[in-house]
Amino acid sequence: MTAKIAFIGAGSTVFAKNLTGDILSQPELADATIALHDIDEQRLATSEVVAHKVADTLGVKPTINATLSQDEAIDGADYVITMFQVGGYQPSTVIDFDVPKNFGLTQTIADTLGVGGIMRALRTIPVLQGLTANMEQRCGDATLLQYVNPMAMNMMAINRTSSIHSVGLCHSVQHTAEQLAGDIGVPIDEVEYRCAGINHMAFYLDFGRRTADGVVDLYPEIHEFARTNDIPDRGHQERSDGGTTGLSDAVRYEMLARLGYFVTESSEHFAEYVPWFIKSGREDLLTKFGIPIDEYPRRCEVQIGAWEHLRDQLTDPDAELEVEPSVEYGAGIIHSMETGTPRVIYGNVANDGLIDNLPGSACVEVPCLVDANGIQPTKIGKLPPQLAALMQTNINVQELTVEAALTGQREHVYHAAMLDPHTSAELDLEQIWQLVDDLLAAHGDMIPALS
């Protein structure tokens, strides 16, 4: 039977294109039914054209449908993939960045933790709850492949309120492993690693190289690289003014020196999950560690400015469309579940006895076996205590935010912001209270009423 795969938020054209290419490149999935759904009719139409071009490029004949109806998209689906951003850049992301600046609080990405991450969760969790409730009625046996940030908070809410099979997916583990292997000059296909923690704060517990004599630990080489080489530059992001912003990896290498393990998330993300790198009046820290303030709005503006050109390029009937494999796990999961071919992926799942020194209520990122039996997380045991302690500072914020979203109690939004590492390092309690009030007021109906 042909698998039906629903894309929710298919107007994210580039991401949808990459996943469609990954899926249709698998011969066993080449005749899949792909249902594209979005609330933006123009973007949805673009994604539909692109999906057909992907199929034509690969020489396959799937069934591709586009619809503004979520009900129609997920009805009878075997897999549902979420890839949307509630509130978009305008107005929500702008609010998440601009209102805190009134209090002297600056951010970099603001999609995972911090007051920006808290607000994003409050407006996203209700949408995900609506989707999973709809799935329970229309495709109760489907698997939800959840890509929307803030990952841990979203998955916590899904795990607590829905019976749907689900996993949260991110590319930071596999992407960083490739970067780290490149730093020390080891081919990634010779690397074997074990990683665990929470999304955007998972650490490589083991990082080794397969040899004829077994797996050789590469951490000594990583430490030697950090001691004797310049910190890697992970490339540059274009700015709306035509310039570029360098993305140094200094934060992650600093944390390696302090904690003994390398973290999965990029330096610019990680800097705002802890209290040590972004501080008012400390431009020296921003310079030393190469931390770009307002990085996410800058990326959004570039993407918006390039959208018309991108749309023309992707939909031009005479233009060739390149379809290359991405690092995303989604297609591999579907292929393994459909064919029984075993794979290991890193998934964000409920901490059901997986990591002993993190709360059972947490959402953890661990290796998972995938085959015809579905997604099977593996037990890690205890993390190094310093890593678990650092993760707990983020889990506190995640749990309080989810509690606020699920109970409607406004007080827990204040509590989450109080305990956020970056916010609490910059603002006093009265400022935090007022900031939360101002953010909730600015978002208005985008966030359900809290009492």
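Values in this text are rule-based calculations from the coordinates and carry no lab data. A quick note: this is a predicted structure, and the numbers were derived from the prediction, not measured. When we count neighbours, we look across all protein chains shown, and the Cβ atoms used for this are built from the backbone with ideal geometry, even at glycine.
Give me the tail of P(r) for the stretch 387-446 as a percent: Cα-Cα pairs with distance above 20 Å.
Values: 462 of 1770 pairs.
Across the stretch 387-446, Cα pairs with separations above 20 Å total 26 percent.
Give me, ordered by chain and number, the residues 5 or more places off Thr143 or on other chains with an amide H under 5 Å from its own placed amide H.
Counting only residues 5 or more places away or on other chains, the set is Tyr79, Val80.
Tell me, what HN-Hα J-couplings in whole Hz come from the Karplus equation 6.51 cos²θ - 1.76 cosθ + 1.60 at θ = phi - 60° for each residue of the stretch 23-28, using x for Gly and Pro?
Using θ = phi - 60°, the values come out as 5, 6, 6, 7, x, 6 Hz.
Under the Karplus relation 6.51 cos²θ - 1.76 cosθ + 1.60, θ = phi - 60°, what is the ordered set of whole-Hz ³J(HN,Hα) values for the stretch 223-232, x standing for Gly and Pro?
5, 5, 4, 4, 7, 10, 10, 5, 4, x
In whole Hz, what ³J(HN,Hα) sequence does the stretch 251-268 give by Karplus (6.51, -1.76, 1.60; θ = phi - 60°), x for Gly and Pro?
Values, residue by residue: 5, 5, 6, 5, 5, 4, 5, 7, 10, x, 9, 9, 8, 7, 7, 4, 4, 5 Hz.
Helix-derived [θ] at 222 nm for the chain: sum -39500 (n - 2.57) over DSSP H runs of at least 4, divide by residue count, nearest 500? Write out the running numbers ahead of the final one.
Details: 17 runs with 206 residues, N = 451.
Mean residue ellipticity, 222 nm, calculated: -14000 deg cm²/dmol.
Pull out a ≥ b ≥ c, the square roots of the eigenvalues of the alpha-carbon gyration tensor of the stretch 136-184, then state rounded if a/c is under 1.5, prolate if not and a/b is larger than b/c, and oblate in the remaining case.
Numbers: a/c = 4.65, a/b = 2.63, b/c = 1.77.
Prolate, since a/c reaches 1.5 and a/b exceeds b/c.
Using a 7 Å offset from the Cα along the Cα-to-Cβ direction at both Ser163 and Leu58, what is the distance between the two label points in nm, to one decimal?
So the label points at Ser163 and Leu58 sit 3.3 nm apart.
Give the longest segment of the chain that steers clear of GluC sites (Glu not before Pro) in DSSP loops with at most 16 neighbouring Cβ atoms within 10 Å, not counting the sites themselves.
1-319
Which residues' amide hydrogens lie under 5 Å from the amide hydrogen of Asp206, considering only partners 5 or more residues apart or on another chain, with H built in the peptide plane?
Here Arg194 satisfy the definition.
Using only the C-alpha atoms of the chain, find the volume of their convex hull and express it per residue in Å³.
On the way: hull volume 67.5 nm³, N = 451.
Spread over its residues, the Cα hull of the chain gives 150 Å³ apiece.
Could you give the distance between the Cα centres of the stretch 352-406 and the stretch 137-192, to the whole Å?
Result: 12 Å between the Cα centres.
Under a point-charge model restricted to the Cβ atoms of Lys and Arg (+1) and Asp and Glu (-1), what is the dipole moment magnitude of the chain relative to its Cα centre, in debye to the nearest 20?
Values: 28 positive and 64 negative charges, 171 e Å.
About 820 debye.
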